[in-house]
Amino acid sequence: MTARNLLFIMSDEHSKRVLGCYGHDMIRTPNLDGLARRGVRFTDAYCNSPICVPSRASFQTGRYVHQIRFWDNAIAYDGSVPSWAHRLKAAGHRVESIGKLHFRSAEDDNGFSKEHMPLHVVDGIGDPIGMLRQPPPPRQAALRLARDAGCGDSSYQGYDDSITAAAESWLAARARARDEKPWVLFVSLVCPHFPLIARPEWYNLYPEAEVPWPRLYAQSERPDHPYLAAMRACQIYDQGFDQPSKVRKAIAAYFGLVSFVDHNVGRLLKALEDLDLSGSTRVIYTSDHGDNLGSRGLWGKSNMYEEAAAVPMLMAGPEVPAEVVCREPVSLVDCFPTIIDCVGLPVHAEDRDLPGAPLLDIVRGRAPERTVMSEYHAAGAATAAFMIRKGKFKYVHYVGMPPQLFDLESDPYETRDLNREPGYRGLVADCETALRKVVNPEVADQRARQDQAAKIASLGGPAAILARGSFGHSPVPGTKPVYN
């Protein structure tokens, strides 16, 4: 593939189910839908951990969470594991970021030539209450989700305005500069991550009475599993939704924020076109994880259902085939080799064991056989959770708890747990064997707990962490979190 520039756009908490090109019949996302038509849409893309900090660490390093041991929102990427940005900068490429990174600190060498207005974890510490897992304590800050949801302005929307404007200016500078080597710009938007507050021009696109009701929301429809029971006892979001109107406000606001993200993506794509950069620049759009948005009575992320663990993945630009739908499962670790491949760098000797493969190799059937995996060791997790795809089947493994198995082809909303049916015991065993070729779940769970225990002790112990309190979302640069 010819070396080209790359504009990599990542949003935060965008469920692939809420995107027109993925089949949603109400959401308005014309720019992302157009990007999909001009290139490749990956139908089965996943994050490698359904929560911000470990997902972004895995994306940045191209390695699974258990390999790099950035487990949760208080043990953040610190630049100690080489990233794709390190590789590009060392080879003389301009590689810069604008927006949310959610690493430990801008003072660390995270690999970028420059970080513009980065959002990192709070005070270099993040959210340590999420490391308390025996049992996970109730997160009182979660109740703010329902209380805040609705029409209005927020610091997150203002932050995304600034990110998009800075990216437009950056692209204009590059169009004038004529760099000798291809550049990479990582633009990281923070919406549609909660707070679920959308400005009137976006919120009013989705009348509250017309937005779809969450699937499997009734108490009788919610799945019964010990992992989910522990998660609900910790992530008490749904307790705040004591009226149907609050549910509809939250969904309308989330939809509005998705359209706001689409608008900002459209601004960036227009900038490429107006600056005559489209012919020399590829574009990738994805998100760090999804959002349950009330399905099964769950909000936020932190589980392996498609709403939370699956992400949109779109790629377009020079030499990217148009109007292609790729059904081969992929994940965010595939982005590291994709970025390296895009700018024409050879694979570094230390990166030959990376689990991912260039996305266009996957599209063309040239990638080696591999296992797509996600894992979770963070807030609300009574035990470690692991997910793999095996053809049309999704297998979810919980250390010390019953696994789950779903046929995503016949049951895309994961309502029938095949693990409970005797006819699938052989397939469940085969899936566990495939998982164990990638990771020893018990060892990973033990290491996560050991690392978290050491971090907890360094912060003064559980009592000190509980006294510190929790916050609903990371504040934008220059502001402080609101603790509960």
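The values are calculated or read from the model by the stated rules, or taken from the named source; none is laboratory data. Since the model is a prediction, treat every value here as computed from it, not as a measurement. No Cβ is skipped: glycine too gets one built from the backbone with ideal geometry, and neighbour counts run over all protein chains shown. Side chains are part of the model used for accessible areas, which takes the heavy atoms of the whole protein and leaves out ligands, DNA and RNA. Shrake-Rupley method; radii C 1.70, N 1.55, O 1.52, S 1.80 Å.
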Which percent, nearest 5, of DSSP beta bridges in the chain are antiparallel? 45 percent
The Rg/Rh figure for region 339-413, Cα atoms and Kirkwood Rh, to two decimals is 1.08
Using the Karplus curve 6.51 cos²θ - 1.76 cosθ + 1.60 with θ = phi - 60°, work out ³J(HN,Hα) for each residue of region 14-24 in order, rounded to whole Hz, and write x for Gly and Pro. 9, 5, 5, 5, 10, 7, x, 5, 9, x, 6
Where GluC sites (Glu not before Pro) in DSSP loops with at most 14 other Cβ within 10 Å are excluded, longest remaining stretch of the chain: 181-318
Could you point to the label whose value was computed as Kirkwood radius over Cα pairs in Å for the structure here, given (i) 22.4; (ii) 29.1; (iii) 23.3? (i)
Measure off, as a whole percent, the carbon and sulfur share of the 1.4 Å-probe accessible area of region 409-484, all protein chains present. 52 percent
So for region 1-148, Kirkwood radius off the Cα pairs, Stokes-Einstein at 37 °C and 0.692 mPa s: how many µm² s⁻¹? 187 µm²/s
Quick one: plug the Kirkwood hydrodynamic radius of region 230-314 (C-alpha pairs) into Stokes-Einstein at 37 °C, 0.692 mPa s, and report D in µm²/s. 216 µm²/s
Which whole-number value in Å² is the accessible area per residue of the chain, probe 1.4 Å? 36 Å²
Cys21 accessible area, assembled protein chains, probe 1.4 Å, Å²: 30 Å²
Taking K and R as +1 and D and E as -1, what net charge do the other residues with C-beta under 9 Å from the C-beta of Gly380 add up to? +3
Calculate the dipole size of region 298-395 relative to its Cα centre from +1 charges on Lys and Arg beta carbons and -1 charges on Asp and Glu beta carbons; express the result in debye to the nearest 20. 380 debye
Using 32 Å as the Cα-Cα cut-off, could you pick out the over-long pairs in Lys16/Lys270; Lys181/Lys270; Lys100/Lys270; Lys301/Lys480; Lys16/Lys246; Lys114/Lys394? Lys114/Lys394
What ³J(HN,Hα) values, in whole Hz, does the Karplus curve 6.51 cos²θ - 1.76 cosθ + 1.60 give for region 201-208 when θ = phi - 60°, with x put for Gly and Pro? 5, 9, 4, 6, 5, 10, x, 4
Give me the percent of accessible area attributable to carbon and sulfur for region 97-206, probe 1.4 angstrom. 48 percent
What are the ³J(HN,Hα) values, in whole Hz, obtained from phi via the Karplus relation 6.51 cos²θ - 1.76 cosθ + 1.60 with θ = phi - 60°, for each residue of region 221-229 in sequence order, with x given for Gly and Pro? 8, 6, x, 9, 8, x, 5, 5, 4
